[in-house]
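The values are calculated or read from the model by the stated rules, or taken from the named source; none is laboratory data. These numbers come from a predicted model, not from an experiment. Here the Cβ positions follow ideal geometry from the backbone for every residue, glycine too, while neighbour counts run over all protein chains shown.
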Ligand SMILES: [Zn+2]
């Protein structure tokens, strides 16, 4: 049974993309997605919106086991191609509660082409203001940020990821209806 | 067959097909994550001649939506042929609202200038870039310039600017003056006058750069450090004029010298026509 994607694929993808662009341009500032499709089984509505917007036959996605209906819908709407391992993927999808592969094992680009790297779609429960202080490009001044449902030791791993800049992975943190960008340029201090 | 192609063009909002937009959008997200780094993008051809601002048009087409208000400038003016054509083109293929007002625009595509009216949070500027590689005149090989960026090896550029000082007593580069973005990547600000370089530093707006022929794009996120190269004994300076604008009296704007009659009489006027008009109206 295929899920219905967006009502208007072209317009809704544009809207979701603009929110994603803003989310990476001003990191760790949760933004509400302007339009949401019906959630794919096993995923949040916002995650489904991002998959429709970003994925096509030109990229590969790795995810832990997903419901067959979700895979079928993504194959239909996005021409989904799955990567065999997280280390090979252009995008990594981590539904809520999935374990995080070591960030240092993932594609971080090369010194000449740091863009040849992985982007992680990471589901969290919700955004709370209380875990870290962040700064870097996109921050007029340092901003406090937190999310419940993050994998253990996420922020420690993040610091190592940022230390490789301009190499590294980028993360999109996703709640049911919101999105916060975490580009590799973001400096995070715990506490 | 012709019919199918025709209707496909008609119904593709903003003219590019969805696959091309997604490819550009993914590249833009990388560009924002690595400020100042040139992201290569795929090689689908645009049915437009280069030099028409294809890089800027592709970026604008991949981000524009129905709520946008678009402004297009060329050398600061909204009414030059190039700016008018691009604005009409997007009005036709997207039906978005257009404006000449910097303050009213959500999206500004530009060739050669940054508006005088300060940009605001939420705005996006798209720059048309003929040559995205700041090091290209010094090193012809893309393999080599990639290595120089990888190792942050920018001595060549400093040598070039210092040779200017030795020859002319000052840095002669006045357009496309190289900048360091986020203290990491040497970048071309596109052929804007160096007068506009300080506007790149900690801009509240998102700045996107598209090079159509070279198929590369790059970004300066809001609130990002952008420094024009300089030396301790030769700090960076911008152009200044003794005259005020002959039309609005502004002392703070970038001025163009124009010839006003056959006898060669000259005057200096704002290059930013929207700004000049606002200034004239506020004094009227
Ligand atoms: Zn004026």
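What residue, of B:274, B:262, B:233, is within 11 Å of the ligand (Cβ to nearest atom) and not assigned by TED's automatic domain parsing to the domain that holds residue B:25?
Criteria check complete, one pass: B:274.
All but one of (1) more than 15 Å from residue B:117 (Cα to Cα); (2) surrounded by 15 or more Cβ atoms within 10 Å (Cβ to Cβ) hold for residue B:242, so report the exception by its number.
The number of the failed condition is (2).
Facing chain A (nearest Cβ under 10 Å) and at pLDDT below 90, is that true of residue B:36?
Spelling it out, it is not the case that residue B:36 is facing chain A (nearest Cβ under 10 Å) and at pLDDT below 90.
Return the residues of segment B:170-192 that are in a loop (DSSP other than H, G, I, E, B), within 14 Å of chain A (Cβ to nearest Cβ) and in contact (Cβ under 8 Å) with a residue 60 or more places away in the chain; say none if nothing qualifies.
Residues satisfying the conditions are B:182, B:184.
Considering each of A:46, A:72 in turn, give the residue that is surrounded by 22 or more Cβ atoms within 10 Å (Cβ to Cβ) and in contact (Cβ under 8 Å) with a residue 40 or more places away in the chain.
A:46
Which of the numbered conditions does residue A:31 fail, given that it passes all the others? Conditions: (1) within 25 Å of residue B:107 (Cα to Cα); (2) at pLDDT 95 or above; (3) in contact with a helix residue (DSSP H, G or I) (Cβ under 7 Å, 6 or more places away or on another chain); (4) within 11 Å of chain B (Cβ to nearest Cβ).
Result: residue A:31 passes all but (4).
Take residue A:99 and decide whether it is away from chain B (no Cβ under 14 Å), part of a helix (DSSP H, G or I) and either over 30 Å from residue B:17 (Cα atoms) or within 16 Å of the chain's Cα centre (by Cα) (or both).
No.
What is the one condition in (1) within 11 Å of the ligand (Cβ to nearest atom); (2) at positive phi that residue B:215 does not satisfy?
(1)
Suppose we filter segment A:119-142 for residues that are at pLDDT 95 or above and touching a strand residue (DSSP E or B) at 6+ places or on another chain (Cβ under 6 Å); how many remain?
Looking only at that region, the number is 15.
Of everything in segment A:143-183 that's touching a strand residue (DSSP E or B) at 6+ places or on another chain (Cβ under 6 Å) and without any contact (Cβ under 8 Å) to a residue 24 or more places away in the chain, which residue is nearest to the other protein chains (Cβ to nearest Cβ)?
A:144
How many of the residues in segment B:135-169 are within 14 Å of chain A (Cβ to nearest Cβ) and part of a loop (DSSP other than H, G, I, E, B)?
6
Please specify each residue of segment A:1-41 satisfying the condition of being surrounded by fewer than 17 Cβ atoms within 10 Å (Cβ to Cβ), part of a loop (DSSP other than H, G, I, E, B) and without any contact (Cβ under 8 Å) to a residue 60 or more places away in the chain.
A:4, A:7, A:8, A:34, A:35, A:38, A:39, A:41
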